[in-house]
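Chemist: Starting off with a structure, shown below.
What follows is calculated from the coordinates using simple rules that are stated; it is not laboratory data. The model shown is predicted, which means the values in this text are computed figures rather than measured ones. So basically every Cβ, Gly included, is an ideal-geometry build from the backbone, and we count neighbours across all protein chains shown.
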Amino acid sequence: MSYYPPLPPRPPQRRQPGPLRSLGLALGAVALAALIGVGFLVAGVGQSNSNSLSLSPGGSSSSSQTSNQGQTQSLDAGAVAQKVDPGLVDINTTLGYQQAQAAGTGMVLTSTGEVLTNNHVVEGATSISVTDIGNGKTYQASVVGYDRSEDVAVLQLQNASGLATITTGDSSKVATGDAIVGIGNAGGTGGTPSVAAGTVTALNQSITASDESSGSSEQLEGLIQVNANIQSGDSGGALADRNGQVIGMNTAASTGYQFGRRGGQSGTGGTGFAIPINQALTIAKQIAAGTGSDTVHIGSSAFLGVSVADAQEAGPDSGDTQGSGGALIQQTVSGGPADQAGLAAGDTLIGVNGKTVDSATGLTTVMDSLHPNDKVTLTWVDRTGQQQSASVTLAEGPVG
């Protein structure tokens, strides 16, 4: 959209996708800029930490599932991959206006190009290019909708027909000890999908995903844990059983999306998590039906044009003089909706359309319920402690 001020061009670089939260000023591993959702990323502006999203596992195996002894014998991972590969796609995204790039995986649900993937694979994208493994063709794609809280998104490929689709299994029947194969675009390199064999080690796992750059966080629940070497770029790819049926969607560690385990240990190196396919498909069907909710966003993303942090963590210079929380404005996009409303760095946003904003995550949640061209009233506390309000029309921004 032309209302964004042009940013200095940089050579295209590739980084692995992370759920670049819609609030936040972040430094990626290669310090790339991107404008996303209600916020924006600008390399090297006022941030000392990197754009890392830590995942802290918690929870335990479901007591209703028992270990499947005898199921852990070796399986032919190559044969499984041959069945699954034609229904996969490589997803390449452009993030923001400096041509930063990210890559991930998706799974084809319909022959006309409906694709299931992780929300964090496409979050922050201003354009999405998808290469179908089955026919080798490349398509432009749009986001039909997403559920940030479940890390699920659905894409629609343009002018696609006759695509091979994945065959799904029943994830409610998965048990610990089951042999599995993780298949995807490991490393974001494209080409023949990567294969990682292993077993299911736990069920019903919970992971807290927190973005250090924005202060926002989400908790993913009910996940399948595996000992396969799921890598960055595999996100959105298939977790398949020995019959080639997809029983989960990989949620991989990647730049900006790291597994932070207790004791400071990394969650990579042979441990991975996947969203059960039954869970993912339930959300995908809701998105395809165009049915929005408190967590499911349909269509384009609204853009406010701020980067924020939790006010209570921002220190004494925050406008949050009463210690009541809110989203501390770190920076605004010049000419963006927040800037037009009069917000500035150091102000604390405390409400949108009468809904309380108590944190960076709270602002993300409110923005997910809004759409471009919605007129909203913003309420904030300025740096002098005075409460202000103004009405503004939201713009259209990058995904999420």
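Chemist: What is the set of long-range amide H partners of Leu304 at a cut-off below 5 Å, with H atoms built 1.01 Å from backbone N?
Modeler: Residues meeting the criterion, in which the H sits 1.01 Å from N, are Val38, Gly39.
Chemist: Can you sort Leu343, Leu281 from fewest to most other Cβ atoms within 10 Å of each residue's own Cβ?
Modeler: Working: Leu343 24, Leu281 19.
Taking fewest neighbouring Cβ atoms as first place, the list is Leu281, Leu343.
Chemist: Applying the Karplus parametrisation 6.51 cos²θ - 1.76 cosθ + 1.60 with θ = phi - 60° to the phi angles of segment 285-301, what ³J(HN,Hα) value in whole Hz is obtained for each residue in order, glycine and proline being reported as x?
Modeler: Once θ is set to phi - 60°, the couplings for segment 285-301 become 5, 5, 5, 4, 7, x, 9, x, 7, 4, 10, 9, 9, 10, x, 5, 8 Hz.
Chemist: Shifting gears a bit: For segment 80-90, take each phi angle, set θ = phi - 60°, evaluate the Karplus expression 6.51 cos²θ - 1.76 cosθ + 1.60, and give the result in whole Hz per residue in order, putting x for glycine and proline.
Modeler: For segment 80-90, the Karplus-derived couplings read 4, 4, 4, 6, 8, 3, x, x, 9, 9, 8 Hz, x marking Gly and Pro.
Chemist: Along each of its three principal axes, how wide is the spread of alpha-carbon positions in segment 277-400, in whole angstrom units, largest first?
Modeler: Dimensions of segment 277-400 along the principal axes of its Cα atoms: 49, 27, 22 Å.
Chemist: Please order His297, His120, His371 by the number of other Cβ within 10 Å, starting at the fewest. Walk me through the intermediate numbers first.
Modeler: Values: His297 25, His120 30, His371 16.
So the residues, fewest neighbours to most, are His371, His297, His120.
Chemist: Additional query: List the residues, sorted by chain then number, that are 5 or more residues from Ile166 or on another chain and whose placed amide H is less than 5 Å from its amide H.
Modeler: Excluding prolines and chain starts, which carry no amide H, the hits are Val108.
Chemist: What order do you get for Asp347, Asp170, Asp358, Asp178 when you list them from fewest to most C-beta neighbours inside 10 Å?
Modeler: Asp170, Asp358, Asp178, Asp347
Chemist: I would also like to ask the following. For a quick check: with amide H placed at 1.01 Å from N, whose amide H comes under 5 Å from Ala228's, ignoring anything fewer than 5 positions away on the same chain?
Modeler: Thr199, Gly272
Chemist: A further question follows. Cβ under 12 Å from Val152's Cβ, Val152 left aside: what net charge do those residues give with Lys, Arg +1 and Asp, Glu -1?
Modeler: My count for the surroundings of Val152 gives -3.
Chemist: Let me ask something additional. Tell me, what ³J(HN,Hα) does each residue in segment 270-276 have, in order and in whole Hz, if you take phi through Karplus 6.51 cos²θ - 1.76 cosθ + 1.60 with θ = phi - 60° and put x for Gly and Pro?
Modeler: x, 10, x, 10, 9, 7, x
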